[in-house]
1. Return the pair list, or none, for Cβ contacts closer than 6 Å from residues in segment 41-53 that are under 17 Å from residue 64 (Cα atoms) to residues that are in a loop (DSSP other than H, G, I, E, B), at least 6 apart or on different chains.
2. Can you tell me which residue among 49, 72, 9 is in a loop (DSSP other than H, G, I, E, B) and touching a strand residue (DSSP E or B) at 6+ places or on another chain (Cβ under 6 Å)?
C-alpha cells in the first residue's frame, strides 16, 4: 500500500460553550461587588411613601389598615361598545 503525500486529519479547534442561542440570565454579581445602577430609565424604590389601597392614606398599606374595608367599584368594560348595546 502506497502512502500519498497528505497530512493527517486534525481535530476541531477547542472553543468554549456550545453553538446556538446564548443563555438569557444576566451575569451573577459577586458578594462584594458594587451594586450600582447604570440605568437612567428606571427609578429606585428608595424613600418611597407607602399608600393604602383601601383608604388612600399615606404611611400604611391595605393589610395594616385600621379603617373598614371599602367597597370595590366594578370596573367599566374596556373598548368600544357594540351597536346593540347602545
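Values in this text are rule-based calculations from the coordinates and carry no lab data. Quantities reported herein were computed from a predicted structural model and do not represent experimental measurements. Here Cβ is always computed from backbone atoms with ideal geometry, including for glycine, and neighbour counts include all displayed protein chains.
1. Qualifying pairs under 6 Å: 50/61; 52/60; 52/61; 52/62; 52/65; 53/62.
2. 49
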